[in-house]
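The values are calculated or read from the model by the stated rules, or taken from the named source; none is laboratory data. This is a predicted model, so every value here is computed, not measured. Glycine gets a Cβ as well: all are built from the backbone with ideal geometry, and neighbour counts include every protein chain shown. Keep in mind that these areas ignore ligands, DNA and RNA; they rest on the heavy atoms of the full protein, side chains included. Shrake-Rupley method; radii C 1.70, N 1.55, O 1.52, S 1.80 Å.
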Amino acid sequence: MTVEIELDSEKETNLLFGRLDRNLKVIEETLGITASQRGNKIFLQGDEKSVEKASKIIEDIRSINTEGYNLNPEDIRYALRSAQSDTDSTSVKDLFLNNIPVSSKKRFIIPKTETQRQYIEAIRNYDIVIGIGPAGTGKTYLAMAMAINAYLKKQISRIVLARPAVEAGEKLGFLPGDIYEKFNPYLRPLYDALLDMMEAEKAGKLIERGTIEIAPLAFMRGRTLNDSFIILDEAQNTTTEQMKMYLTRLGFNSKTVITGDITQIDLPHGRASGLIEAERILSDIQGIKFVYFSEKDVVRHKLVQEIVKAYERYEKRSSEE
C-alpha cells in the first residue's frame with residue numbers, strides 16, 4: 001500500500017525544514033515501512049495497517065505543529081511505542097497536548113508514555129500517589145513538574161522535596177563540609193530536576209524563603225506539613241519506621257508523591273524496605289494510588305531501556321538457579 005500526503009508549503013514551513021526527515025526515519029524503523037519526502041509531499045509505503053498508523057501519526061504531528069509544538073525523534077519514538085502497546089487508541093496528539101505548564105523557558109513538561117499520562121492523572125486526583133519502577137521512567141521529574149504547577153496555580157503554598165541519605169557504596173562521613181554539605185550530593189538529583197523547570201534565580205529565591213525546601217528525610221520527623229506538595233524520592237531506601245513517620249507528616253490541603261525503584265535498594269543487608277512494606281500494607285486503602293512503571297516507560301537514552309531489560313533477565317535467571 002502507498003499513501004501520499006501533501007503538506008502546505010506556506011503554513012508548514014517549520015515542519016518541512018525542521019526535524020521531519022529524522023521523524024520519518026523513526027517512523028520507518030518502528031513501523032517497518034518506507035517513508036520519504038520529496039518537495040512538500042510525503043510518501044509512505046508498506047503493509048496496510050502500518051501505513052495507516054504512520055499516516056495517522058504524521059497527521060497528529062502536523063496538528064501539533066500548527067499549535068506551536070515541535071516534536072523531536074525521541075518524542076515520536078515514545079509515542080509510537082505507546083500506541084503499539086496495550087492501548088492502540090493512544091494518539092500522539094493525546095500524549096503531547098496533555099502537558100504540565102511550569103515556570104521555565106520550556107513552558108511545559110510532556111508525558112511521553114501512557115503510564116506517565118496515568119501517573120499525572122493520579123497526582124491530579126489523589127492526595128497520596130506512589131510511583132514504583134526503574135530508573136529513567138520520569139517518576140520524580142513528573143512529580144516535580146506537578147508540584148511546581150500546583151504552586152503556580154496557588155493550590156499549595158510550599159514544596160518539600162525529601163530523600164533518604166543512604167550510602168550507595170560511598171561513605172557519608174568521609175564527605176567534606178558540615179552536615180548540609182555532606183547531604184547535598186544526595187539531594188543533587190532533586191536540584192537538577194527543579195532547575196530544569198524553573199529559572200535558577202527564581203528557584204534560589206524560593207529556596208531561600210523556604211517556599212521550596214530540599215531536605216534529608218530525617219529532617220521530616222516531628223513536623224506536620226499543611227498546604228504543601230511533598231515529594232519523597234528514592235523511597236526504596238527508607239526503613240519501615242521512616243516510611244511510617246513520613247506518611248504521618250501529611251497535613252491539611254497537602255499532597256504527596258512517593259517514588260522508588262524496588263530493584264535498587266541500598267539498605268544494609270537484612271533491613272526491610274519501607275517502600276515494599278508500604279506496598280503490602282496500603283494497597284487496599286482508598287485514596288492512595290499506586291502507579292507501576294516498566295522498562296517501556298524509560299525516557300532516557302534508548303540504551304538505558306536495553307540495560308534495564310538485560311538486568312531484569314539476569315536477575316530472573318539468578319533467582320531461578
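E241 fulfils the conditions (1) within 27 Å of G136 (Cβ to Cβ); (2) more than 23 Å from the chain's Cα centre (by Cα) except for a single criterion, (1). The numbered conditions (1) within 30 Å of S157 (Cα to Cα); (2) touching a residue at least 60 places away in the same chain (Cβ under 8 Å); (3) open to solvent by 50 Å² or more (accessible area, probe 1.4 Å) are all true for Q286 except (2). Taken together, the residues in the stretch 4-56 that are open to solvent by 100 Å² or more (accessible area, probe 1.4 Å), closer than 16 Å to L71 by Cβ and touching a residue at least 12 places away in the same chain (Cβ under 8 Å) amount to 5. With respect to the conditions (1) open to solvent by less than 60 Å² (accessible area, probe 1.4 Å); (2) touching a residue at least 40 places away in the same chain (Cβ under 8 Å), Y311 falls short on a single one, namely (1).
Among the residues of the stretch 296-306, what is the count of those that are of a type in the set (D, E) and buried (at least 19 other Cβ atoms within 10 Å of the Cβ)? I'd like the intermediate steps shown before the answer.
At the first step, the residues of the stretch 296-306 found to be of a type in the set (D, E) are 297, 306.
Filter once more, so that each one left must be buried (at least 19 other Cβ atoms within 10 Å of the Cβ): 297.
Qualifying residue count for the region: 1.
Within the stretch 130-158, being in a helix (DSSP H, G or I), small (G, A, S) and more than 21 Å from M243 (Cα to Cα) holds for A145, A150. For the stretch 202-218, filtered to residues that are under 26 Å from the mean Cα position of the chain (by Cα) and open to solvent by 30 Å² or more (accessible area, probe 1.4 Å), the residue that is farthest from Q242 (Cα to Cα) is K202.
When the stretch 117-130 is examined, which residues are found to be modelled with pLDDT of 90 or more and within 21 Å of D196 (Cα to Cα)?
Within the stretch 117-130, the subset modelled with pLDDT of 90 or more is 118-130.
Across the stretch 117-130, the qualifying residues are Y119, I120, I123.
None of L195, L206 is modelled with pLDDT under 90, in a helix (DSSP H, G or I) and over 27 Å from K296 (Cβ atoms) except L195. Across the stretch 100-109, the qualifying residues are those that are open to solvent by 30 Å² or more (accessible area, probe 1.4 Å) and either modelled with pLDDT under 70 or within 18 Å of V299 (Cα to Cα) (or both), and the one among them that is nearest to the chain's Cα centre (by Cα) is F108.
Just give me the residues in the stretch 240-260 being in contact with a Leu (Cβ under 9 Å, 6 or more places away or on another chain) and touching a residue at least 60 places away in the same chain (Cβ under 8 Å), in sequence order. Spell out the reasoning first.
The initial filter retains those residues of the stretch 240-260 that are in contact with a Leu (Cβ under 9 Å, 6 or more places away or on another chain), namely 242-243, 245-247, 249-251, 254, 256-260.
Correct list: Q242, Y246, L247, L250, S254, T256, V257, I258, T259, G260.
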